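Structure first, commentary second.
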Amino acid sequence: MNDKNRHLTDAKFTDFPLPEALQSAISDLGYTHCTPIQAKSLPAILDNRNIIGKADTGTGKTATFLIAAIINLLSRTDKSAKALILSPTRELAIQIQKECETLIKYTDLKSVVVYGGADYEKQKQRLTENHDILIGTVGRVIDFSKQKLINLKSFQVMVLDEADRMLDMGFIKDVRYLLKRLPEPENRLNLLFSATINFQVQEFAYELMNDPELISVETKKSESKIEQIGYFVANNEKIALLIGLIKKEAPTRSIVFTNMKVTAEKVTAFLQGNGISAALLSGDVPQKRRESLVKEFGAGKFPVLVATDVAARGLHIDEVSHVFNYDLPQDPEDYVHRIGRTGRIGSSGHAINFICESYAFYQPSIEEFTETKMLTLPVTEDLIAEVAPAVPIERKKNTSRNKQGNDRNKQRQTQSRRR
């Protein structure tokens, strides 16, 4: 195998008795050999066993649980059975549905995705149409289930993707609400996949799944394709260093992560003011705009995406050569998911970390968690750029929110006149 394919195993998808329609779709995608998590999971999947799957970001976990759900549904005589795939973020739900569509194209199965922040009425309409696989964020699935638009008892397959993130985001009660209204654990297929599985997630899995099998694939440090570099830098030199490194490294496509939205806005404004085409992705960017930004970034329309952790999971974008941690994350697991945006599916990548006055004390816990020592380099004069003034970021109004606000103001005015 060539260098990019060394992460693959000797096991081929054609070695497994997968449905012909699924084999054809996998072949169309150019997949021949399985990744380690796929090779380890497929025997259990074909035996209809429950799985807790742990593997690094970018190693084929999404395809693994989608293949499992598709096989299960195609093998059932009860064609009313459905699969539910829960995601912690909108971006991840959209990515999962996109990959699902490519895998079910030769079958009679239909998928639908629901998530908060956009297309409420359109999503309601799609739920009334025939579908077999429902992909969604937890809150929106609960919302539609309470409106009787989703019959939770129809789901014979349940998938939790990035369960650790769900628990970190405080969704544990909502996830429990949904799972307790599904068929009993012993009467459904249960799958949980994530890049990091801590004790809390494992305990939660055993509580709500029926005798799950833990399948873990650890990437050896010697096999890692991500070069991790750290620069000890003063807070007031971070912008100059970032601009200098981007101009020196000339990355084909890079993501700059910050811990706060206000920092992301500042970084984006300075990059644009210094001739570097960049866009901002944060939690308050309207959903349609977020989707178009991700699409444009993936198509190469601009080389730098500045993001808060809203983008750390669920962005499956090829050829991201560099990840810049402008701020070191406070949670080591977030670090793993951030740098997982580069070096995907066997490619090489670069994670460049700014070890600054504000966040330097998170470096030891990150290194302990990843069992990897960052290569620290000095900040030399040639890396510090002359910085031009920032350019104010053009803000697009969220018209739906403005309309809702105007409607509420009109209602208040009407009520006031009546009084």
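Neighbouring Cβ atoms within 10 Å as the yardstick, rank VAL138, VAL267 fewest first.
In order of increasing Cβ crowding within 10 Å: VAL138, VAL267.
Note down the nm distance, to one decimal, between modelled labels 7 Å out along Cα→Cβ at LYS261 and at PHE302.
So the label points at LYS261 and PHE302 sit 1.7 nm apart.
Quickly estimate the mean residue ellipticity at 222 nm for the chain, helices only: each DSSP H run with n ≥ 4 gives -39500 (n - 2.57), and the total goes over all residues, rounded to 500.
-12000 deg cm²/dmol
Extending each Cα 7 Å along its Cβ direction at SER80 and LYS146, get the distance between those two points in nm, one decimal.
Calculated label separation equals 2.6 nm.
Just order 318-326, 166-174, 78-86 by mean Cβ neighbour count inside 10 Å, highest at the front, would you?
Packing proxy ranking, top to bottom: 318-326, 78-86, 166-174.
Check region 221-383 and count each lysine pair with an alpha-carbon distance under 18 angstrom, considering only pairs eight or more places apart or from different chains.
8
For each of LEU29, LEU127, LEU103, LEU160, count neighbouring Cβ atoms within 10 Å of the residue's Cβ, then give the residues from fewest to most.
LEU29, LEU127, LEU103, LEU160
If you put +1 on each Lys and Arg Cβ and -1 on each Asp and Glu Cβ, how big is the dipole of the chain around its Cα centre, in Debye rounded to 20?
Details: 57 positive and 53 negative charges, 522 e Å.
That gives a dipole near 2500 debye.
At 0.36 nm per residue, and after removing the present C-alpha to C-alpha distance, how many nm does the segment from THR14 to GLU367 gain when stretched out fully?
Taking 0.36 nm per residue and subtracting the Cα distance, the gain is 123.1 nm.
Mind putting a number on the dipole of region 221-383 about its Cα centre? Charges go on the C-beta only, +1 for Lys and Arg and -1 for Asp and Glu, and I need it in Debye to the nearest 20.
620 debye
With a 10 Å Cβ neighbour count serving as the proxy for reagent exposure, in which order, fewest first, do HIS316, HIS33 appear?
Final ranking by Cβ density, sparse to dense: HIS33, HIS316.
Multiply the residue gap between ASP28 and ARG176 by 0.36 nm, knock off their C-alpha separation, and tell me the result in nm, one decimal place.
49.5 nm
Ranked highest first by average number of other Cβ atoms within 10 Å, how do 50-60, 232-242, 108-118 line up? List each step's numbers first, then the result.
Working: 50-60: 23.2, 232-242: 17.5, 108-118: 19.3.
In decreasing order of mean packing, 50-60, 232-242, 108-118 become 50-60, 108-118, 232-242.
FYI, it's all coordinate maths here, none of it is from the lab. What you are looking at is a predicted structure, and each value in this text was computed from that prediction instead of being measured. Positions of Cβ are generated from backbone atoms using ideal geometry, with glycine treated the same way; all protein chains shown enter the neighbour counts.
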